[in-house]
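Novice: Before we start, here is the structure in question, set down as structure tokens.
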Amino acid sequence: QILFLGYTIHPTTPYSSFSSSTMVRLNNFQEQISFYDSCQSQFEDDITAQIQCISDLSQEKTNDISIGIDTFFLLFGSSLMFFMQAGFAMLCAGSVRLKNVQNTMLKNLLDACGAALGFWSFGFAFAYGGTNEFTRDPQEEIEDGVTTFIGDGHFFLTRV
């Protein structure tokens, strides 16, 4: 019998009686138990090695999640930027005479293309290129606590 999120789970409790969010939490809980079991079987006598093993396995899982979150926020922020650009184009179109709307729309389209080109060439490097090429290999992972003020690698999306 296991006490989990206020539920007492017996080995005979059917999983269909739980909600979907509880099932997700239960699966995560079972995965953490499997981390523990695999590390305990590898390092039976050394508790420090067991704790280090669990920490390493959890860190790998966290790194996978953080890459997904970074990608999501990059795409979300860029989509917001393009919707704001379209809204600004409508504002400009409503502020000029009918004969100048086509020119204003072309100017806004070129502005969006220039912004995309600028992000391709410099924006990604400034945001995510946090290695210092002068002191270490750009392919090397950044050590914990060592960051740069602004990225200085991956210009024009090189080595990405």
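Novice: Each residue of segment 40-49 in turn: what ³J(HN,Hα) in whole Hz from Karplus with 6.51, -1.76, 1.60 and θ = phi - 60°, glycine and Pro shown as x?
Specialist: The phi angles translate into 5, 6, 6, 10, 5, 9, 9, 5, 5, 5 Hz.
Novice: Something else now. Choose one of Asn63, Ser38, Gln52: the residue whose Cα lies farthest towards the positive end of the charge dipole of segment 32-73 (beta-carbon charges +1 Lys, Arg; -1 Asp, Glu; about the Cα centre).
Specialist: The Cα lying farthest towards the positive end belongs to Asn63.
Rule-based calculations on the coordinates, nothing more; no lab input. Predicted model, so just to flag it, every value in this text is computed and none were measured. Don't worry about glycine lacking a Cβ; one is built from the backbone with ideal geometry, like all the others, and counts go over all protein chains shown.
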